[in-house]
Amino acid sequence: MKQVKVLFVCLGNICRSPTAHGIFEKMVRDAGLQEQILIDSAGTGDWHIGRPPDRRASAAALGRGHDLSNLRARQVCPEDFRDFDYLLAMDQQNLWDLQALALPDFKGHLGLFLDFGNSGLKEVPDPYYGGEDHFEQVLDLVEDASSGLLAHLREQLD
Ligand code: 4NP
């Protein structure tokens with residue numbers, strides 16, 4: 001059985017990447033592909049290691065039926081380039097930070113998550129210093145790109 005491992009990456013791993021983690025994981029489960037598509041998330045920064053998602057991100061996600069309460073923040077590490085096939089950054093700075101960390105023999109996909117979406121945006125804006133509407137925008141962008149990512153991975157797994 002083919003398997004693909006996806007890591008969502010943002011700065012703190014408490015707002016954007018756990019939102020993507022929770023939403024994409026549910027989408028994969030609903031599609032019955034949970035044995036084939038494995039998901040995790042991490043942050044480039046270390047400030048929030050071990051903490052649950054930001055309460056504003058959790059509340060916004062719960063409003064759309066996604067429970068993020070089991071997730072805990074961790075920091076991305078070089079081994080992630082050995083363990084994952086897709087490392088998907090939420091913004092350009094996250095991508096640059098990942099490129100600086102990448103193992104030289106990494107053969108997977110390192111890129112921006114929103115390249116799989118149809119919003120026309122390249123980055124999921126950081127909602128940390130924003131208001132409720134910023135967290136709703138994160139959900140909109142993540143839902144859109146998650147659909148595109150799932151369609152792409154289905155083709156890889158066929
Ligand atoms: P995230 O948001 O990268 O989407 O998890 C942030 C969380 C924390 C901070 C910045 C962004 N911070 O500066 O602590």
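The values are calculated or read from the model by the stated rules, or taken from the named source; none is laboratory data. Everything numeric here is computed off the predicted structure, so don't read it as measured data. Every residue, glycine among them, receives a Cβ derived from its backbone with ideal geometry; neighbour counts consider all protein chains shown. Surface areas here come from the heavy atoms of the whole protein model, side chains and all, with no ligands, DNA or RNA. Shrake-Rupley method; radii C 1.70, N 1.55, O 1.52, S 1.80 Å.
Can you tell me which residues in segment 110-134 are more than 10 Å from the ligand (Cβ to nearest atom) and hydrophobic (A, V, I, L, M, F, W, C)?
Leu110, Leu112, Phe113, Leu114, Phe116, Leu121 - these are the residues of segment 110-134 that are more than 10 Å from the ligand (Cβ to nearest atom) and hydrophobic (A, V, I, L, M, F, W, C).
Quick one: which residue in Ala31, Ala59, Ala42, Ala73 is among the small types (Gly, Ala, Ser) and either modelled with pLDDT under 95 or touching an Asp or Glu at 6+ places or on another chain (Cβ under 7 Å) (or both)?
Ala42
Do we find that Leu114 is among the hydrophobic types (A, V, I, L, M, F, W, C) and either touching a Ser or Thr at 6+ places or on another chain (Cβ under 8 Å) or part of a strand (DSSP E or B) (or both) in this structure? It would help to see each step written out before you state the result.
Details: among the hydrophobic types (A, V, I, L, M, F, W, C): yes; either touching a Ser or Thr at 6+ places or on another chain (Cβ under 8 Å) or part of a strand (DSSP E or B) (or both): no.
For Leu114, the condition - among the hydrophobic types (A, V, I, L, M, F, W, C) and either touching a Ser or Thr at 6+ places or on another chain (Cβ under 8 Å) or part of a strand (DSSP E or B) (or both) - is not met.
For (1) outside any helix (DSSP H, G or I); (2) more than 14 Å from the ligand (Cβ to nearest atom); (3) open to solvent by 20 Å² or more (accessible area, probe 1.4 Å), each residue gets a yes or a no:
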residue: Val9; (1), (2), (3): yes, no, no
residue: Glu25; (1), (2), (3): no, yes, yes
residue: Leu38; (1), (2), (3): yes, yes, yes
residue: Arg56; (1), (2), (3): no, no, yes
residue: Leu62; (1), (2), (3): no, yes, yes
residue: Asn70; (1), (2), (3): yes, yes, yes
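Is it the case, given these coordinates, that Gly45 is more than 20 Å from Arg154 (Cα to Cα), in a loop (DSSP other than H, G, I, E, B), open to solvent by 30 Å² or more (accessible area, probe 1.4 Å) and out of contact with any His (no Cβ under 6 Å at 6 or more places or on another chain)? Reasoning before the result, please.
Values: more than 20 Å from Arg154 (Cα to Cα): yes; in a loop (DSSP other than H, G, I, E, B): yes; open to solvent by 30 Å² or more (accessible area, probe 1.4 Å): no; out of contact with any His (no Cβ under 6 Å at 6 or more places or on another chain): yes.
No, not satisfied.
Answer yes if at least one residue in segment 68-79 is of a type in the set (Lys, Arg) and either in contact (Cβ under 8 Å) with a residue 60 or more places away in the chain or within 23 Å of His134 (Cβ to Cβ) (or both), and no otherwise.
Looking through segment 68-79, at least one residue is of a type in the set (Lys, Arg) and either in contact (Cβ under 8 Å) with a residue 60 or more places away in the chain or within 23 Å of His134 (Cβ to Cβ) (or both).
Being more than 15 Å from the ligand (Cβ to nearest atom), in a helix (DSSP H, G or I) and either touching a Pro at 6+ places or on another chain (Cβ under 9 Å) or without any contact (Cβ under 8 Å) to a residue 12 or more places away in the chain (or both) is the filter here; which residues of segment 82-109 pass it?
Passing the criteria: Gln99, Ala100, Leu101.
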